[in-house]
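Input: a single structure, listed below in structure tokens.
Every read-out reported here was derived from the displayed coordinates using simple, explicitly stated rules and does not represent laboratory data. For clarity, every value in this text was computed on a predicted model and none was experimentally measured. Counting neighbours? That spans all protein chains shown, and the Cβs are built from the backbone with ideal geometry, glycine included.
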Amino acid sequence: MTEEKQVAIGAIEAKEALICEVADRIWEYAELSLQEVKSAALYCDVLEQEGFAVERGICGIETAFAARYGSGRPVIGILAEYDALSGLSQRAGSVTREELVAGGCGHGCGHNLLGAGAMAAAFGVKAYLEASGQPGTVILYGCPGEEGGAAKAFMARDGVWRDLDAALTWHPEDCNEVETGSSNSCIQVQYKFTGVASHASGAPEKGRSALDAVELMNIGVQFLREHMSSRARIHYAITDAGGCSPNVVQPRASVLYMVRSNHVSEAVELQARVDRIAEGAALMTDTSFERKFIDGLADTVSNHTLERILYQNFAELGVPSYTEEEHAFADALAKTYPGSDGVPSVAAENDPQLREQVKELRAKNGHAMNAFLAPLYQGDAFRAGSTDVGDVSWLTPTAQIHVASWPNGCPGHSWQNVSCDRTGIGHKAAVHAGKVLAAAAVDLLRDPELLREARAEFERRTAEGYTCPIPADAVPVVPD
């Protein structure tokens, strides 16, 4: 590790207690998407105290922020998230399901760690810039609503990411790796139908059923499934069936749709077809409807240049190590869910030879926590999930890592994740992620050729241009 990187690493280590304290307080707040008022305020207050210039409420989003240090180029962005999930309240460090608040929220995706680790990276880069005196800027972006709200996509619509030379981030996972490959784009729209109530037996001719419109729309989309890409997906949930009295013609009904495709431009086209089906359903039932745009986000664009830089620094720094007590906790937690014997990492998912390597590493590891770095994979890879990091990757070179924060095979969005998120295991993941991201950022700040290479690759991969899934007049909202 070079002397310059040691400055960044040392700064993170000096702030470890603060980083873990912030992670724990965000865990306690457990605020849902676009409602992260206390979480965002905490980050902004801490970052201002640490010498960053903080702009709150960027892009008209109350809980979004940008914390800047330095001047001139290169400009490196680091992405933080801090929203929680509903129904996942859980006591920390427990191997049994124990709600802290009945029906409460919890960080089932580890975003309390994600934000704290991103902040740690910003601390490290700031220390390097201070010590070196060289030009360069680091910006920590507070990105709310990843679980429903897609703030990064709204920020993409407003051109925020175009000003960056590169963007780096991380996500808690069950393994240590550099992520690569594409994901699904995703668009959410709610359709709220309005009809006319009437006695379903005494005066059915006077009624206009909004519930019929929802059902006909769903049938229309079922027929659409035969005529869309094999990688496209359409999901729906009836959010309001209009009531529970069958002898009433339901005057209102709502359905929430989620349209996915492997490419954002295809998702936008598919969404337009779903809109037309909604129009047809309203026409057939003599009802009206309101279309409420919820959010949209793009597929991810890989950048192998940045991935290699992240991997080199990850390999040099190693991975978190665990105490006997932490291993015992993780091993016990792994017994509470199926799939703890799986083979993790994008490399194992896509390359048979690398899969065997990871299996050997798992066997040698001997515990549920994956205390090893998975091999770097840079072939074709696809994951069916969605993330608004994709919109960033269409506007600037972007890459991310995963750091083991939970036992092997731990299911996403689970109480087990929440239990881990406020333990030594989670703390170590956040601090280590910060170190890897900061070390990679130092490489980018010191070597302009790396950024030129990353930019050239980015230009090749995004030559067709970015199709923004966010309408010009849309504002971030949550479904009714």
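So, in Å, what gap is there between the alpha-carbon centers of region 77-124 and region 329-384?
Centre-to-centre distance over Cα atoms comes out at 23 Å.
Test of understanding: what is the full-extension gain from Asp275 to Asp473, defined as 0.36 nm times their sequence separation minus their Cα-Cα distance?
69.6 nm
Divide by every residue of the chain the summed helix terms, -39500 (n - 2.57) for each DSSP H run of at least 4, and state the resulting mean residue ellipticity at 222 nm, rounded to the nearest 500 deg cm²/dmol.
About -13000 deg cm²/dmol.
Measure off 7 Å from each Cα along the Cα-to-Cβ vector at Glu360 and Glu316, then give the distance between these two points in nanometres to one decimal.
2.6 nm
When Lys and Arg each count +1 and Asp and Glu each count -1, what net charge do the other residues less than 14 Å away from Pro479, Cβ to Cβ, add up to?
-2
Just want the answer: with Cβ charges of +1 for Lys and Arg and -1 for Asp and Glu, which residue in Pro344, Leu354, Gly366 is farthest toward the dipole's positive end in region 331-376?
The Cα lying farthest towards the positive end belongs to Gly366.
With a sphere of radius 12 Å drawn around the Cβ of Arg157, what net charge do the other residues whose Cβ falls strictly inside it have (Lys, Arg +1; Asp, Glu -1)? Walk me through the numbers before you get to the answer.
Working: positive: Lys152, Arg162; negative: Asp158, Asp295, Asp388, Asp391, Asp473.
Charge balance near Arg157 sits at -3.
Looking at region 50-89, I'd like the Rg to Rh ratio, where Rg is from alpha-carbon atoms and Rh is Kirkwood's inverse mean 1/r.
Value, to two decimals: 1.10.
Write down the percent of antiparallel bridges among all DSSP beta bridges whose residues are both part of the chain, to the nearest 5.
Just about 70 percent of them are antiparallel.
Return the Cα extents of region 185-297 along principal axes one, two and three, sorted largest first, each rounded to a whole Å.
Between the extreme Cα coordinates on each principal axis of region 185-297 lie 50, 24, 19 Å.
At 0.36 nm per residue, and after removing the present C-alpha to C-alpha distance, how many nm does the segment from Glu55 to Glu21 gain when stretched out fully? Could the numbers behind the result be given before it?
Values: separation 34, 0.36 × 34 = 12.24 nm, distance 2.25 nm.
Extra length from Glu55 to Glu21 when fully extended: 10.0 nm.
Which Cα, out of Asn417, Leu317, Thr387, lies furthest along the positive dipole direction of the chain (beta carbon charges, K/R +1, D/E -1)?
Thr387
Calculate the translational D of the chain in whole µm² s⁻¹ from Stokes-Einstein, where the hydrodynamic radius comes from the Kirkwood formula applied to all Cα pairs, the temperature is 25 °C and the viscosity 0.890 mPa s. Provide the component values of the computation, followed by the final result.
On the way: Rh = 23.4 Å.
This corresponds to a translational diffusion coefficient of 105 µm²/s.
If we count every other residue with Cβ under 14 angstrom of Leu100's Cβ, Lys/Arg +1 and Asp/Glu -1, where does the sum land?
Charge balance in the 14 Å sphere: -2.
Quick one: putting +1 on the C-beta of Lys and Arg, -1 on the C-beta of Asp and Glu, what dipole do you get for the chain around its Cα centre, in Debye to the nearest 20?
Computed about the Cα centre, the dipole is about 640 debye.
About the Cα centre of region 1-78, what is the dipole size in debye to 20, counting +1 per Lys and Arg Cβ and -1 per Asp and Glu Cβ, all else neutral?
For this selection, approximately 300 debye.
What length, rounded to one decimal in nm, is gained on full extension from Met1 through to Lys206, with 0.36 nm per residue of separation minus their alpha-carbon distance?
Taking Met1 through Lys206 to full extension adds about 66.1 nm, to one decimal.
Rounded, prolate or oblate for region 315-472? Axes are the square roots of the Cα gyration tensor eigenvalues, ordered a ≥ b ≥ c, and the cut-off for rounded is a/c under 1.5.
prolate
Mean Kyte-Doolittle hydropathy of 0.5 or higher plus an axial Cα length of 30 Å or more: which whole DSSP H helices in the chain meet both?
111-132, 424-446
How large is the dipole of region 185-297 about the Cα centre if only Lys and Arg carry +1 and Asp and Glu carry -1, each at its Cβ, rounded to the nearest 20 debye?
Roughly 180 debye, rounded to the nearest 20.
Number of Lys-Lys pairs in the chain under 16 Å by Cα, sequence gap 8 or more or different chains?
8
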